[in-house]
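**Student:** This structure is in structure tokens; I'll ask about it shortly.
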Amino acid sequence: MCVNPRWSLRRWSSRASKSVYGGEFDDIRKDVAAAAAAASREDAAVPYDDGHFVGRFSLRLTIKFIAATILLSTAAAFSIGCAARILLLSKFGYLPTLNHNDRIDHVDTTEVDAVLRLPYENLPAPTVIPGKDVPFTTYTSKNFRAEGSATSHTLHIDRRGAAATEVTSKINEDLVATASGSMGGDIIHNISIFGTVPLDEEDDSEDEEHTNDYSHNDDSDGLHLPAGQHLLVDIKDADSLFLNSEERLAAAMVELISESKLTLLSYHCHSLVPIGVSCAGVLLESHVAFHTWPKEGVITMDLFTCGGNPLIPVLSSIQQLFGIPRAPAEGEDELDIPEPTMLWSHKLRGFRAGFAPGYDETRNPLDQDLGRFVLGKLDFDVKEQIVSAKTAFQTVDVYDVMNPKTRNGGSYHRSLSNDGSFESHHPEGFGPDRVLFLDGVIQSTLYGDAPYHESIVHPAMITHSNPKRVAIIGGGEGATLREVLKHSTVEEAVMIEIDEGVVDLSREHLPQWQDCSSIAHHEKAAEWCFDDERVNARFEDAMAYFIDNFANDAQQEEEAYDIVIMDALDPNDDIEFAVYLYTSDVYIQSLYNALASDGILVVQVGEVPDQSDPADETGRFSNRSTMIEKLDLVGFKSIHVYEESHSGFNAPWSTLVAFRDIQSRENWYRNSAEVELQLQKRILKTESGGSPLRYFDGATMSAYQVTPGGFAAVHCRQEDSPRECKESIGLVHAAVNETETYAYNPVMERHASNSLHSREYALLNFASWKTTIF
């Protein structure tokens, strides 16, 4: 029997072992020589010779030997790698140590194990809110090994304490342990934390819809909408030890979710190497997650829910639970430790319109100015809710805000100190702005209070020769009334406001708006404007009041007004009442009838149009265009618009004045010196003899006399372009159709008022012009 020279290692090893121990070394040497000679021949065969197998040399390695070698090599490599890793991390400063000042600067590896590797049982389990029905859920998880993670823990909801929910009381711990995620990366499907789902009970009917079974998961209207709320929170100067404690952070998260009336199904936390903690929680309503930087004292968090409960009230709990101030170090003054600072942003996410029947974004304050320009901003240094309340008619929100683009946070903090700085001596110029919102639409601001309310009142008041009786439509915050009362000629100020709740809330939270203390020493005046004897506050529907009393000029019983000021809804507000307010024929006729023969109507008409905007009649300000047209038709002799850019809104704001006679138009164009003289005669003095006006003066009035260019631009974009828009502005004369009326013509108003002396221009009767002078 012959075999190939490449014979078996096992056979040669066995034969060699026997031969060596048998003292036959010489025979083995001969066999080796013969095998080498045979190997040189490709097709040679090596015979057995007296039980000796001739072939190549071979060694026998047992399985135990191989396994031991691999284990020892692995252990040696792991030990060397760990030592090298610790050495490198220490060398480059990535292993901080815990000192005794409650602030993390450095951590060595032994203390990392002691502080970060928490026992699993120390972490709190999520619980069900008593009385809340939580649907059956399944759990799927996959974990991965990561060098930067020191621990990995997963906790699931504990339903055993839920009084109103019948659930299994015993958890299948094997499934929980597996679902919690072994580092091997197992994936678990269709497993409840309380046991497996029987396949025959898992889904009895494919046609049955479970999505909308739970009202607490709806968006406040019985529908499970593809929409939600997203809250982003950043906190700095928090306690470092707290931010590095997985146990304390997990407990804070569980408590936060409980206080928020949400349901935490499970959460997963990692303590990181060398420092920090990351946690993510799965909510029945969506998710919560955060990450910490203990050395810097920073935590960032996001909370998303698709439920109906508002998230804004949760902010106070987040500040309390996660904004933990650090303890002072030895010898450190507690006053030198900064308080934790929280920045936050709230946004509406997803889609509501088209999915929620009858959804009206104008009735959702979070979908208006409040949500877009305040709550949605993350970089505001101050954003504090002062009050949020619902009256019988609307939602009222008041916020303190500090925009870093207009106010400096450092200056604000200095203004609160007693360090002798300029800011500390003049704190009134460095504080946050206070903003009033009605149904989410901005109405007034602290720093824009004087420019807006003085600009809507005093130009018309000073234009009228002797305003005794004044009506105010709206203006519930009281600032428009405050400005009217500063005129000595006023004998009666009638404020018609439908919502008395706005007046009450403004008195409590916007006291400056109703503060008449600067003129309180005068006869009939009072410190609170509504206590002034000249005030007649009527809490009723202003539109109904004017229609009932002034719709029929012949049967009018109510005394006429010298000035009517409409400080109500914006013309672009997409609500039914705003449309009637600016377009109703009978109401606009009633306003005209309510005025004396020399009366003046004042209306705030929203944002000033941009040079590139479409004509008002075709754009979102069609209500404004309709009102101007109807004011012309009812008989106003002249209509003028002007702008104020410092009202504190998101754009320059415009006001319209309509004159019943031409004499008022002449007074409108008085020069600044004449205006100043009238102010000196008319405006009540403060107790020190000064003027109570903070913004309006003769120079400001001169600016109001020039029509904004945006109004001239959109006027010329009408479907039937006015003739004056087709003529060159450089022409000295331009023929005008004798039948045309010019009660409102911003093109001629703008250019003629710049070219002529204001008094000469005012004498031109727009209703009977034959020529237009440019």
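The values are calculated or read from the model by the stated rules, or taken from the named source; none is laboratory data. No experiment lies behind these values; they were computed from the predicted model shown. Here Cβ is always computed from backbone atoms with ideal geometry, including for glycine, and neighbour counts include all displayed protein chains. Surface accessibility is based on the protein's heavy atoms, side chains included, excluding ligands, DNA and RNA. Shrake-Rupley method; radii C 1.70, N 1.55, O 1.52, S 1.80 Å.
**Student:** My understanding is that a pair violates if its Cα-Cα distance is over 23 Å; which of Lys377/Lys405; Lys236/Lys383; Lys132/Lys390 do that in this structure? Working shown, then result.
**Tutor:** Values: Lys377/Lys405 12 Å; Lys236/Lys383 16 Å; Lys132/Lys390 27 Å.
From Lys377/Lys405; Lys236/Lys383; Lys132/Lys390, over 23 Å: Lys132/Lys390.
**Student:** Give me the net charge of Glu361's neighbourhood, meaning all other residues with Cβ under 13 Å from the Cβ of Glu361; Lys, Arg count +1, Asp, Glu -1. Before the final figure, lay out the partial values.
**Tutor:** On the way: positive: Arg352, Arg363, Arg372; negative: Asp360, Asp367, Asp369, Asp439, Asp573, Asp574.
With Lys, Arg at +1 and Asp, Glu at -1, the neighbours total -3.
**Student:** To continue, here is another question. Keeping all protein chains in place, calculate the accessible area per residue for segment 571-617 (probe 1.4 angstrom), answer in Å². Could the numbers behind the result be given before it?
**Tutor:** Values: 1730 Å² over 47 residues.
Normalised by residue count, the accessible surface of segment 571-617 is 37 Å².
**Student:** Carbon and sulfur together cover what percent of the accessible area of segment 580-727 at a 1.4 Å probe radius? Don't skip to the answer; put the middle values down first.
**Tutor:** Working: 2710 of 5900 Å².
Result for segment 580-727: 46 percent of the exposed heavy-atom area is carbon or sulfur.
**Student:** Over segment 254-299, what number does the Rg to Rh ratio reach, with both radii from the alpha-carbon atoms and Rh per Kirkwood? Let's see the in-between values first.
**Tutor:** Details: Rg = 12.0 Å, Rh = 11.4 Å.
Expressed as Rg/Rh, it is 1.05.
**Student:** Let me ask something else. Where does the charge balance sit around Pro432 when Lys and Arg score +1, Asp and Glu -1, over other residues with C-beta under 11 Å from its C-beta? All intermediate terms of the calculation are to be shown ahead of the outcome.
**Tutor:** On the way: positive: Lys383, Arg407, Arg434; negative: Asp381, Glu384, Asp400, Asp433.
After counting each charged neighbour, the total is -1.
**Student:** Could you state the accessible area per residue of segment 419-464 in Å², with a 1.4 Å probe and every protein chain left in place? Display every interim value, and only then the final one.
**Tutor:** Details: 1280 Å² over 46 residues.
Value for segment 419-464: 28 Å² per residue.
**Student:** Would you give the gap between the C-alpha center of segment 379-394 and the C-alpha center of segment 603-656, rounded to a whole Å?
**Tutor:** First find each Cα centre; the distance between them is then 29 Å.
**Student:** Ignoring ligands, DNA and RNA, what percent of the accessible area of segment 309-396 is carbon or sulfur (1.4 Å)?
**Tutor:** The C+S portion of the solvent-accessible surface of segment 309-396 is 51 percent.
**Student:** Calculate the spin-label point distance for Thr62 paired with Lys132, positioning each point 7 Å from the Cα along the beta-carbon direction, and give it in nanometres.
**Tutor:** It is 6.4 nm.
**Student:** If you add up the charges near Ile662, with Lys and Arg at +1 and Asp and Glu at -1, over every other residue whose beta carbon is less than 11 angstrom from its beta carbon, what do you get?
**Tutor:** After counting each charged neighbour, the total is 0.
**Student:** Taking every DSSP beta bridge that has both residues in segment 396-509, what percent is antiparallel when rounded to the nearest 5?
**Tutor:** Numbers: 10 of 15 bridges.
Taking every DSSP beta bridge with both residues in segment 396-509, the antiparallel ones total about 65 percent.
**Student:** Report, to the nearest whole %, how much of the accessible area of segment 451-574 belongs to carbon and sulfur atoms, 1.4 Å probe, protein only.
**Tutor:** Details: 1640 of 4380 Å².
Answer for segment 451-574: carbon and sulfur cover 37 percent of the accessible area.
**Student:** Take the alpha-carbon centre of segment 459-520, take the same for segment 531-586, and report the distance between them in whole Å.
**Tutor:** 15 Å
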